[in-house]
1. Would you mind checking the tilt of helix 301-316 against the longest principal axis of the Cα atoms of the chain, expressed as 0 to 90 degrees and rounded to 10?
2. Consider just the alpha-carbon atoms of segment 267-351 and return their Rg together with their Dmax, both in angstrom.
3. Would you calculate the volume per residue, in Å³, of the smallest convex hull containing every Cα atom of segment 305-348?
4. What do you get for the angle between helix 45-56 and the principal long axis of the chain? Use alpha-carbon atoms, 0 to 90 degrees, nearest ten.
5. Carbon and sulfur: what percent of segment 256-326's accessible surface (1.4 Å probe)?
6. Can you give the Kirkwood hydrodynamic radius for the chain, in Å, rounded to one decimal and based on Cα pairs?
7. For L171 paired with K42, estimate the spin-label separation in nm (one decimal), with each label point 7 Å from Cα along the Cα-to-Cβ line.
8. Cα centroid distance between segment 327-348 and segment 180-238, in Å?
Amino acid sequence: MTAIRKAVSLSPDEEQAVSDLHQQLCATDADPALCLFFCSPKYDLAKLEQEMRRRFGDIPLIGCTTAGEITPLGYREDSITGVAFSPDHFKVAAQPIHNISTFKLQDGLDAGAELVADLKKDIPHANGHNTFAFMLIDGLSNAEERVTAAIGSQLGDIPLVGGSTADSWALEQTSIFHDGAFQRNMAVVILIHTELPFQVHYTHHYVASDAKAVITEADSLSRTVYEINGVPATQEYARLCGLAEQDLDISVCSNHPILMKIGGKYYSRGVVEVNHAERYIRFACAIGKGVVCTIARPSDPTVNTKEMFDKIRQEIGPLDLVLGCDCAARKMICEEQGLMPEISRVYQDNNVIGFATFGEQYNTIHMNNSFSCIAIGKAGGVP
């Protein structure tokens, strides 16, 4: 049995789209250990849900809505794509976490410990060399930092990569499919054990500039910044970017996000709203009063991404699958700069299946404007 199967349907009809997905993922005698899918929010989710239950039955199936789908054909919109993991090469344990908007640290510690315990009942030797974690989390919950830090802390050396669900840029309702239904305000953490070679990575195409910022007034719960360097947020952010205040918008902020240094590395914090009337900026990551950060300047995202994949292939050989979480802001930048055909080809050439997200997770960190991934090599590893 093929270790990993990939699928895509461009049909706008829910019944046909799910039929295409099922036919491409499950055309074997043995049921997959797990199927993952990523779908456009433009589908009628009630119809999609009904068809998923009818077609896939008892096959473990987890998925989410997106801001764009990374498919075997490259980047697409208004589509559904997916991947199936063979039981001959993968063992899976999954744990849902509900009501994450009221999430407490102990909830994550308990969920993470339970997840690892469940997998180790069947695979006592599961560790970071043979097991990875993949997480989907509600991208409108404002809970990613708490959940990621708590879950990641319980995984030991098992690496975690994840993505915040999206609804294009509507910012109204994102959904995760689990246990036969689309749901909100939740996360699903999946542990996947395999003998195949794999690596987890993240990358972004930003370089720290000399423009420094101190957050001097903010509401950390809503991720809203009111003052930077003691000045109204929109005024100072624009100045740090070298622009007039009225020219500050989401596109500018996506090209010049703030960078925070954690453990000697820079991680990006992206903007989801620029409110000129009240002169505040709302972020997609946690940010609070007293935070010191740097305004970024961009480089070429395609060069950056190619270099990452070249490095991965040198270490684990040909790639059978890259499970990728690509920030919706990165996708927007590529669209605006005419780079979508090129970045889409890079993803296609490296067997990326995934989605455009409202945030990315890497081990215990939640970030934006980045690409996080799990790259899985072919059986036999490096040739």
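The values are calculated or read from the model by the stated rules, or taken from the named source; none is laboratory data. As the structure is a prediction and not an experimental result, all values here were calculated from the model. Counting neighbours? That spans all protein chains shown, and the Cβs are built from the backbone with ideal geometry, glycine included. Just the protein is used for accessible areas: all its heavy atoms, side chains included, with ligands, DNA and RNA removed. Shrake-Rupley method; radii C 1.70, N 1.55, O 1.52, S 1.80 Å.
1. Once rounded, one gets 40 degrees.
2. 16.5, 53
3. Details: hull volume 3.1 nm³, N = 44.
Hull volume normalised by residue count: 71 Å³.
4. So the inclination is approximately 30 degrees.
5. Exposed carbon and sulfur together represent 48 percent of the surface.
6. 20.9 Å
7. Output for this residue pair reads 2.2 nm.
8. So the two Cα centres are separated by 20 Å.
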